[in-house]
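Inspection log for the structure reproduced underneath, given as structure tokens.
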Amino acid sequence: MLIGELAQQAGTSTRTLRYYEQHGLVRAHRSTNGYRVYDAAELPVVHQIRTLLAAGFGLDDIRPFVTCLRAGNSSGDDCPDSVAVLRRKLAEVDDALDRLTALRADLHHRLTGTEQRPPACEFG
């Protein structure tokens, strides 16, 4: 299929597909007239890329998932390298949640203390 067809089926732009191709995530070959031609197997790859990008993964993090799909697996999550990325990303999310929970507790403590004191200054 041509780049426009893949873009339409994947719900993305041709520019985005060229970007993925430039980074080695999507494969195309050139026809005799120079057009990019994509195999139908690229559609699930593009869907996987878009899903992972939307979840906050970087392009380098996505590579193992693409490799896993290209190896014939039904999901990019089925390979050890992909699982390692998922574990690392989960640890990052857990760390971020811990930091946000601590920040929330601090803000709540400050707000509670402020509400119990009379106003220190008034504007106007």
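The values are calculated or read from the model by the stated rules, or taken from the named source; none is laboratory data. Computed from a predicted model, the values in this text were never measured in an experiment. All Cβ positions, even for glycine, are placed from backbone atoms using ideal geometry, and neighbour counts span all protein chains on display.
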For this session: State whether the residues of segment 54-62 include one that is of a type outside the set (Val, Ile, Thr) and more than 13 Å from the chain's Cα centre (by Cα).
Result: no
Exercise. If a residue has to be of a type outside the set (Val, Ile, Thr), buried (at least 17 other Cβ atoms within 10 Å of the Cβ) and either closer than 21 Å to Gly4 by Cα or touching a Ser or Thr at 6+ places or on another chain (Cβ under 6 Å) (or both) to count, how many in segment 31-80 make the cut?
Worked result: 8
For this session: Return yes when Gln8 is over 17 Å from Phe65 (Cβ atoms), surrounded by 11 or more Cβ atoms within 10 Å (Cβ to Cβ) and modelled with pLDDT of 95 or more and no when it is not.
Result: yes
Exercise. Which residues, counting only those in segment 1-11, are part of a helix (DSSP H, G or I) and within 17 Å of the chain's Cα centre (by Cα)?
Worked result: Ala10
Exercise. Where residues in segment 12-35 are outside any loop (DSSP other than H, G, I, E, B) and either in contact (Cβ under 8 Å) with a residue 40 or more places away in the chain or over 25 Å from the mean Cα position of the chain (by Cα) (or both), which of them is nearest to Gly58 (Cα to Cα)?
Worked result: His29
